[in-house]
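Student: Sharing a structure with you now.
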Amino acid sequence: MPNSELSLSPTPAPLARIMRSGRVVVCPIDETLLLVIGAGGPLADQLPVEIDEDATIQAIASIIGWRLAASQGSATHGFAALVPVDRESSMPTTLRFGKDGGGKRYIVAPRTVSTGDVAAMLKELAGPQVVHVLGRLVDVLMKPPLDPRKLGAVTTLLKAGIARDGYIELLGESHDDAIALKGWAHDMAAGVCRAVVRAEDTSLADCNVAVFPRNDAPEDAVGFLGLLSADDLPRARDIQGIFYRGRTAWRYLAVHERKFVAGPLETPGHIRAMLLQSQSSPQVLLRLREAANGFDGTETISSLPLPVRLGVDSLYQGDEGAFLISGWMLDPDDHVQSVRLRRGRAEARLDGTWTRTERLDVEDAFADRPEFKSAISGHRRSHGFIAFADGLVGDPAAPLYLEVTLRDSRRAYMPLHPTRLSARHAALRLLNAIDPTSWALPEIVDRQIVPFLTAARANAPTIETVIDVGRFGEAVGAAILVAVGDAEEDFAPLLGLLALDPYTRQAPIVLVQQSEQFRRRAARIRQLAEFYRLPLRLVSVEGSGDASDLARTAAQAMDNETVILLSASLTPANPGWYQTLVANYETKSGSIISPTLAYEDHSIRWAGSTSLDRADHLQSSRYAGYPVGAVNRLKLTRVQTASLECCIMPRAALLDDTGVSPTYLGASLKGLDLALVLSRRGYESYWLPVLQMLGSDEASGAVSAATARYVERVDQTLFRGRWMQTVETEGTAHNEVST
């Protein structure tokens, strides 16, 4: 079918009358270009055009001319001219082609025509020459800049009169912005050609082409292997065909109805299978070899014939496409140019921002191998790396892999399977895996973990299960809300204390846990509640292990308007503490009231906070270290923020939309963050010295004692980034008002 043509638009009014009368018809391409169709004598390829008999308004026209099969009066040649114009003015009425006021004058037909009409006219005027005329016209239109309207005109012209030339039998998707093609054609030439890709949305692409002999193709046809490259290519399965610039003219390649669409992992193998027998320019063959060397789902780093090896110890995927990766790379001779984490078309370069760590175990593992023995020196031991990667939010089903590019342009790959965790748990796991004495740990915290937590935005936690034990529905009064965090492994004694107090054993108690903890402990908690005859509601929360998030989520499963937050790690030091808190709250309804937090030796841990007045003071806790006897006679005191480890507050405060907060690793600064937000929303905070709760400083069970100070460093960095600029701005404004 190489000589058949695509369908044409209906021919407009007969052209003979227009040509005999010295008229031209005009098709507006865009706001700056007109396509003019006419007939007359032979014209040069470029001529000045005088518009509306005004010698000051001239443009240089590009002209495609041809001899008419049959002369029409004095007209022996037809022409298609592209005339640059200023469309802000009205459509021209006359055009004069020629120099110095001479040349041929044409009257512009009052009615413009469409690009489809132009194609039909050219078929009538050019006859069998229409393919070459349209091809030359398209070549001129394709010169940059090529805006969407020009591309639309090009597509219409190509559809109207370009001959079919073969078929595309295979379309191959890739991880890069490229699509592989395989098929046969008559006019296809090796090299790089321009192509217009037909799909729902037409796009323009470059096509790198190699050709090879095919015995199963029609006579004089060759097989071809192509690679389409562009920024806006459609999906391979959506391509209907391509128009391409062949050796002699523009041609059309249709996609065969029995096409095969290869996935990104299959495409490199199809290219490799045909590449050895294909011929083209060195540049094209290099481009095809790169595509053939693409990721096909297999690990190829370990088979490199160079002393380069790489391994991954852990890969955590947080929220919003954020990743935290820990591994090692042995490259003693500096063969590696770059290391990238890739998913589909998204990528993140790791080697420019990663933190290197000492890994003697890696060096020892390869020291006896001949290819590494001579290259490894005792002076370079930073073979490990930890890196944060962001922005890989493409198709979650697309494979994730590492791409190592060598300095000689070769590439090798390692497929990866990330562990899906919340950003908080991922960071805690990584911190626990690092040697706490490592000199690189501060840089890992500042350059990898903090950015990872900042980029990852956790989804809002949700209630998974609610179970009532005892007569919870009949209990009245302020509800005691116990949020069980990571560190609270054994809270049975707290349930026993609540059962011994005549007031608390009648109060509604809500105990909330993260879903994983809930599944392990629900049966035991239920047994204890039934034994103590406590009115208890068990709440399982999916998506968070942070105590503040647990409490705020559990508040949705309560009807009580007043809530007493109580950390499972605290122990009441005073009898009657429940009714004392409730009585003071009744005098300050709608506020947040906290007791003194003390150590088990009855020295003060927290006794009210002052304002955050300087960037190096996160929180000034008054009387810290004093014995509780020094303050227990003081009255209810207004403070900057309450402690959410233990407080009485309105349930509405927990349900307030406080916006997105950083993903803190510990509970202390997360609680302070929420307390500051509530303070700025108008909730007054008070400290009640007469009551004390006993407990130790936060010691998260999720990290070792040696790593705990780095957890604190992470949280302080996140907290300062969120609040210090606000605090300093407020302090400056306060000083200016005072002055």
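Student: Of all residues in segment 426-444, which are crowded, with 20+ Cβ neighbours inside 10 Å and closer than 24 Å to residue 549 by Cβ?
Tutor: Within segment 426-444, 426, 427, 428, 430, 431 qualify.
Residue by residue, here is whether (1) under 28 Å from residue 657 (Cβ atoms); (2) in the same structural domain as residue 501 (by TED's automatic domain parsing); (3) in contact with an Asp or Glu (Cβ under 9 Å, 6 or more places away or on another chain); (4) of a type outside the set (Gly, Ala, Ser) holds:
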position: 558; (1), (2), (3), (4): yes, yes, no, yes
position: 567; (1), (2), (3), (4): yes, yes, yes, no
position: 577; (1), (2), (3), (4): no, yes, yes, yes
position: 598; (1), (2), (3), (4): no, yes, no, no
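Student: Of the conditions (1) part of a strand (DSSP E or B); (2) under 33 Å from the mean Cα position of the chain (by Cα); (3) among the hydrophobic types (A, V, I, L, M, F, W, C); (4) over 20 Å from residue 398 (Cβ atoms), residue 286 satisfies every one except a single condition; which number is it?
Tutor: Of (1) part of a strand (DSSP E or B); (2) under 33 Å from the mean Cα position of the chain (by Cα); (3) among the hydrophobic types (A, V, I, L, M, F, W, C); (4) over 20 Å from residue 398 (Cβ atoms), only one is false for residue 286: (1).
Student: Scan (1) surrounded by 17 or more Cβ atoms within 10 Å (Cβ to Cβ); (2) under 30 Å from residue 369 (Cα atoms); (3) of a type in the set (D, E, K, R) for the single condition residue 299 breaks and write down its number.
Tutor: Among (1) surrounded by 17 or more Cβ atoms within 10 Å (Cβ to Cβ); (2) under 30 Å from residue 369 (Cα atoms); (3) of a type in the set (D, E, K, R), the lone unmet condition for residue 299 is (1).
Student: While we're looking at this one, here's another question. Which one of these is under 20 Å from residue 418 (Cβ atoms) and either assigned by TED's automatic domain parsing to the domain that holds residue 177 or not aromatic (Phe, Trp, Tyr) (or both): 330, 360, 315?
Tutor: Only one candidate qualifies: 315.
Student: Further question: Anything in segment 16-69 that is more than 14 Å from residue 81 (Cβ to Cβ) and at pLDDT 90 or above? List them, or say none.
Tutor: Selection gives 67 alone.
Student: Can you list the helices (runs of 4 or more DSSP H) found entirely within segment 572-683 that contain at least 3 residues being in contact with a Ser or Thr (Cβ under 7 Å, 6 or more places away or on another chain) and at pLDDT below 90?
Tutor: Helices (runs of 4 or more DSSP H) meeting the threshold: 668-680.
Student: Go through segment 195-230 and give me each residue that's of a type outside the set (Ser, Thr, Tyr), buried (at least 18 other Cβ atoms within 10 Å of the Cβ) and part of a loop (DSSP other than H, G, I, E, B).
Tutor: Answer for segment 195-230, where residues must be of a type outside the set (Ser, Thr, Tyr), buried (at least 18 other Cβ atoms within 10 Å of the Cβ) and part of a loop (DSSP other than H, G, I, E, B): just 221.
Student: Looking for whichever is on the phi > 0 side of the Ramachandran plot and either buried (at least 17 other Cβ atoms within 10 Å of the Cβ) or touching a helix residue (DSSP H, G or I) at 6+ places or on another chain (Cβ under 6 Å) (or both) here; the options are 344, 294. Which one fits?
Tutor: Answer to the selection: 344.
Student: So, in segment 502-524, exactly how many residues are in a helix (DSSP H, G or I) and in contact (Cβ under 8 Å) with a residue 40 or more places away in the chain?
Tutor: Qualifying residue count for the region: 3.
Student: While we're looking at this one, here's another question. Within the set of pairs 6 or more residues apart or between chains, which connect a residue that is in the same structural domain as residue 39 (by TED's automatic domain parsing) inside segment 133-146 to a residue that is in a loop (DSSP other than H, G, I, E, B) with Cβ atoms less than 6 Å apart?
Tutor: Once the first residue is in the same structural domain as residue 39 (by TED's automatic domain parsing) and sits in segment 133-146, its partners that are in a loop (DSSP other than H, G, I, E, B) give 135/249.
Student: If residue 334 satisfies every condition in (1) over 30 Å from the mean Cα position of the chain (by Cα); (2) loosely packed, with under 15 Cβ neighbours inside 10 Å; (3) at pLDDT below 85 but one, which is the exception?
Tutor: (3)
Student: On to the next question. From the list 346, 292, pick out the single residue that is in contact with a Gly (Cβ under 9 Å, 6 or more places away or on another chain) and under 30 Å from residue 211 (Cβ atoms).
Tutor: Selected residue: 292, the only one of 346, 292 that is in contact with a Gly (Cβ under 9 Å, 6 or more places away or on another chain) and under 30 Å from residue 211 (Cβ atoms).
Student: Which ones in segment 411-425 are buried (at least 21 other Cβ atoms within 10 Å of the Cβ) and either within 12 Å of residue 322 (Cα to Cα) or basic (Lys, Arg) (or both)?
Tutor: Selection gives 422, 423, 424.
Student: Right, here's the next one. Can you work out which of the residues in segment 535-561 that are part of a loop (DSSP other than H, G, I, E, B) and within 28 Å of the chain's Cα centre (by Cα) is surrounded by the most Cβ atoms within 10 Å (Cβ to Cβ)?
Tutor: Among them, the one singled out is 546.
Student: Now for a different question. Failed condition for residue 315, given (1) in contact with a Pro (Cβ under 8 Å, 6 or more places away or on another chain); (2) under 18 Å from residue 403 (Cβ atoms); (3) not in a strand (DSSP E or B), with all others met?
Tutor: That leaves (3) as the condition not met.
Student: Moving on. Which of the following residues is buried (at least 16 other Cβ atoms within 10 Å of the Cβ), farther than 25 Å from residue 324 by Cα and either among the aromatic types (Phe, Trp, Tyr) or assigned by TED's automatic domain parsing to the domain that holds residue 327 (or both): 366, 452?
Tutor: 366
Student: Can I ask one more? For segment 295-312, enumerate the residues that are among the small types (Gly, Ala, Ser) and either assigned by TED's automatic domain parsing to the domain that holds residue 349 or assigned to a helix (DSSP H, G or I) (or both).
Tutor: 302, 303, 311 - these are the residues of segment 295-312 that are among the small types (Gly, Ala, Ser) and either assigned by TED's automatic domain parsing to the domain that holds residue 349 or assigned to a helix (DSSP H, G or I) (or both).
The values are calculated or read from the model by the stated rules, or taken from the named source; none is laboratory data. Predicted model only: the values in this text are computed from it and were never measured. Note: ideal-geometry Cβ built from the backbone for every residue, glycine included; neighbour counts use all protein chains shown.
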